[in-house]
Structure formats: structure tokens, C-alpha cells
Amino acid sequence: MLPLNHPIEQIIYRVLVVQLNAKASHIWNLLRQECNSDADPIYDIDAIIDTITPTTLTWVGRDETEKSMSYDSFRKNAVNSVRRFIRVEHERSIEH
């Protein structure tokens, strides 16, 4: 399994390491609260996320262009991809 290269997946990973069973909606709301807070970030430590609305997450990509992801894509693709990565990572650690 490839490492997580997508910046949003890396942030989701940081959440799931601490809250393994968190639902996508909880992760989204957690990141939204963090994005709208003046406190130091816990999960988006590289300040990737620009804005999060109830339906859309935007960030600036490596190529300095604005990228966006819908909540549905976040839930169906990004969160599930990170869960699969964690599952494989866990299985490998058991084998060794």
C-alpha cells in the first residue's frame, strides 16, 4: 500500500490515529471547528485547509492552486482510503 500523499488524507490520518472509530461527519466537523478557531491546530498542523463549509473543503495545493473537495468525496473517498491504509498498516505490524 502506498503512503498517504494527499494532504487531506494526511490530516484525516492524524484524526483517526487518535479517534479510530470517528465517523466522517465527526472528522469533518472537528476539522471545521479547528479551521475556524484561533487556537493552534492539532490535526491540520501544516495549515493546509483554507476553509470548510458544511459542504466543501478548500485548500491550496502544492502547485499553489486552490483545490476543493465536497463532503461526499471526503466521506466516500478520502476517509475510506485512510481507513484502508490504517488497516493494512495494522495488519503489517501484527505480522512482524
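When the residues of region 18-48 are narrowed to those that are free of Cβ contacts under 8 Å to residues at least 40 places away in the same chain and either among the β-branched types (Val, Ile, Thr) or touching a Ser or Thr at 6+ places or on another chain (Cβ under 6 Å) (or both), which ends up nearest to residue 76 (Cα to Cα)?
18
Give 20, 2 a once-over and let me know the one that is assigned to a loop (DSSP other than H, G, I, E, B), within 13 Å of the chain's Cα centre (by Cα), modelled with pLDDT under 95 and on the phi < 0 side of the Ramachandran plot.
Only one candidate passes the filter, namely 20.
Tell me the residue from 32, 92 that is on the phi < 0 side of the Ramachandran plot and either under 11 Å from the mean Cα position of the chain (by Cα) or at pLDDT 95 or above (or both), please. Steps first, please.
Details: 92 fails: either under 11 Å from the mean Cα position of the chain (by Cα) or at pLDDT 95 or above (or both).
Unique residue meeting the criteria: 32.
Go through region 49-84 and report how many residues are modelled with pLDDT of 95 or more and either part of a loop (DSSP other than H, G, I, E, B) or aromatic (Phe, Trp, Tyr) (or both).
6
With respect to residue 89, determine if the residue is closer than 24 Å to residue 3 by Cβ, of a type in the set (Asp, Glu), in a helix (DSSP H, G or I) and touching a residue at least 40 places away in the same chain (Cβ under 8 Å).
Here the answer is yes, as residue 89 does meet what is asked.
Looking at 81, 37 in this structure, which one is more than 12 Å from the chain's Cα centre (by Cα) and surrounded by 10 or more Cβ atoms within 10 Å (Cβ to Cβ)?
Of the residues listed, the single one that is more than 12 Å from the chain's Cα centre (by Cα) and surrounded by 10 or more Cβ atoms within 10 Å (Cβ to Cβ) is 37.
The values are calculated or read from the model by the stated rules, or taken from the named source; none is laboratory data. Since we're looking at a predicted model, the values are computed, not measured. As a convention, Cβ positions derive from the backbone with ideal geometry for all residues, glycine included, and neighbour counts pool all protein chains shown.
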